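Asker: Okay, handing you the structure first.
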Amino acid sequence: MAEEHGNANTSQDQNGGANAAPKKITWPELVGSTAEGAKQKVKEEFGDSIRVQVVPPNTFVTMDFDRQRVRLYVDSSGNVARTPRVG
């Protein structure tokens, strides 16, 4: 896994291999920011190729892994409470 090799924040592009720019898979800098601001930041980096879901407190979610999804877990104030990540 990427985290085991000290590269938890990026992932190689499937089609580009070693020459492709790595894509970000986590955004620890977004913790504490507003959900809307965090959503914009993720969309800036991925465009329409990724879905961003805002998850309110105490909400059930599926445990499946989806490379085209980023979940933003927010607190009761609407601020990002956990590091957003692809999946």
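Asker: Being surrounded by 12 or more Cβ atoms within 10 Å (Cβ to Cβ) and either in contact with a Phe, Trp or Tyr (Cβ under 6 Å, 6 or more places away or on another chain) or outside any strand (DSSP E or B) (or both) is the filter here, so list the residues in the stretch 68-78 that pass it.
Answerer: Scanning the stretch 68-78 gives Asp75, Gly78.
Asker: Just for the stretch 11-55: of the residues that are in a strand (DSSP E or B) and at pLDDT 90 or above, which one is farthest from Val80 (Cα to Cα)?
Answerer: If we take residues in the stretch 11-55 being in a strand (DSSP E or B) and at pLDDT 90 or above, then Arg51 is farthest from Val80 (Cα to Cα).
Asker: In the stretch 29-43, which residues are within 12 Å of the chain's Cα centre (by Cα) and either surrounded by fewer than 12 Cβ atoms within 10 Å (Cβ to Cβ) or free of Cβ contacts under 8 Å to residues at least 24 places away in the same chain (or both)?
Answerer: Result: Glu29, Gln40, Lys41, Lys43.
The values are calculated or read from the model by the stated rules, or taken from the named source; none is laboratory data. Only a predicted model underlies this, so the values are computations on that prediction, with no experimental measurement involved. Cβ coordinates were reconstructed from backbone atoms using ideal geometry, including for glycine residues, and neighbour counts include every protein chain displayed.
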